[in-house]
Amino acid sequence: MRRRALAAILIAVLMICLTACSGSPAYSEEGAHKVAIGIGEDIVGSQPYVDHDKPTPTPTPTPEISATPMPTVTAAPTPVITNAPSGDGKFTKEDCVVIINDMRIIPGMDFTGKENEPGKVADKLEGVSCLQSGYDINYIYKDFRIDTIRQNERQYIYSAQFKGTGALTNAGIGIGSTEEDVITAYGAPTEDTNTQRIYKTGNWQMSFYIVDEKVTEIYLVDYSFQ
């Protein structure tokens with residue numbers, strides 16, 4: 001009885017094993033992986049099949065786009081401004097004079113009753129002084145003018161302007177003289193502008209207007225009246 005029972009158990013176990021085996025799909029092996037035929041999935045985890053025997057393709061590098069460099073803006077150089085000549089002290093009050101028709105015109109001189117000596121007066125302008133309390137009388141001649149201020153019944157020259165060839169300085173500088181002649185006669189100007197070479201001594205000033213390197217006008221001033 002025991003043998004029959006044992007045999008029956010073995011037969012039952014065998015039938016169970018055969019039944020289980022007959023319901024399982026067949027397998028084939030590719031590389032190191034087993035794939036279920038007709039399913040196309042890896043047995044483990046049911047993930048898509050990957051052939052590890054094939055080399056992994058190298059990804060194409062993404063080209064780097066470099067930014068266009070911004071142009072460098074260079075600041076314009078600051079212009080260097082040089083100081084005007086300081087003067088060499090050669091110019092003195094004795095030089096601050098213009099001679100016209102044998103009359104010496106000097107800044108600040110008493111001009112009372114002398115208006116006809118340098119030439120014929122073409123016009124005369126009078127009015128309240130713009131310099132100080134007083135009265136101005138401006139004498140206009142053919143190619144020059146003399147401006148006076150009246151104080152205590154006297155007339156004093158505070159400025160004079162010469163444009164004609166008849167006026168000369170005591171160094172012989174006149175209309176038409178060259179700029180080089182002026183520098184030779186009086187040295188370096190006290191001040192220098194685009195159009196003037198200015199010489200100062202105390203309150204007196206003599207200016208030479210220069211055009212095309214030649215004197216076109218001579219101007220005298222006495223700043224003590226301002």
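The values are calculated or read from the model by the stated rules, or taken from the named source; none is laboratory data. As the structure is a prediction and not an experimental result, all values here were calculated from the model. Every residue, glycine among them, receives a Cβ derived from its backbone with ideal geometry; neighbour counts consider all protein chains shown. Surface accessibility is based on the protein's heavy atoms, side chains included, excluding ligands, DNA and RNA. Shrake-Rupley method; radii C 1.70, N 1.55, O 1.52, S 1.80 Å.
Side notes on the structure shown:
- Taking the listed residues THR190, THR195, the one that is open to solvent by 50 Å² or more (accessible area, probe 1.4 Å), under 37 Å from the mean Cα position of the chain (by Cα) and among the β-branched types (Val, Ile, Thr) is THR195, with no other qualifying.
- Exclusive hit being closer than 22 Å to LYS93 by Cα and assigned to a helix (DSSP H, G or I), set ASP147, ASP181: ASP181
- Extreme residue, most open to solvent (accessible area, probe 1.4 Å), among residues of the stretch 110-154 that are of a type in the set (S, T, N, Q) and either under 19 Å from ILE218 (Cα atoms) or out of contact with any helix residue (DSSP H, G or I) (no Cβ under 7 Å at 6 or more places or on another chain) (or both): ASN152
- If you filter the stretch 198-226 down to residues that are open to solvent by 30 Å² or more (accessible area, probe 1.4 Å) and not in a strand (DSSP E or B), you find that the one that is nearest to LYS90 (Cα to Cα) is GLY202.
- Test for SER177: is it out of contact with any helix residue (DSSP H, G or I) (no Cβ under 8 Å at 6 or more places or on another chain) and free of Cβ contacts under 8 Å to residues at least 24 places away in the same chain: no
- Residue among THR216, THR178 that is closer than 14 Å to PHE144 by Cα, of a type in the set (Ser, Thr, Tyr) and out of contact with any Pro (no Cβ under 8 Å at 6 or more places or on another chain): THR216
- Consider the stretch 180-201 and keep the residues that are touching a strand residue (DSSP E or B) at 6+ places or on another chain (Cβ under 6 Å) and touching a residue at least 60 places away in the same chain (Cβ under 8 Å). The one that is nearest to PRO107 (Cα to Cα) is TYR199.
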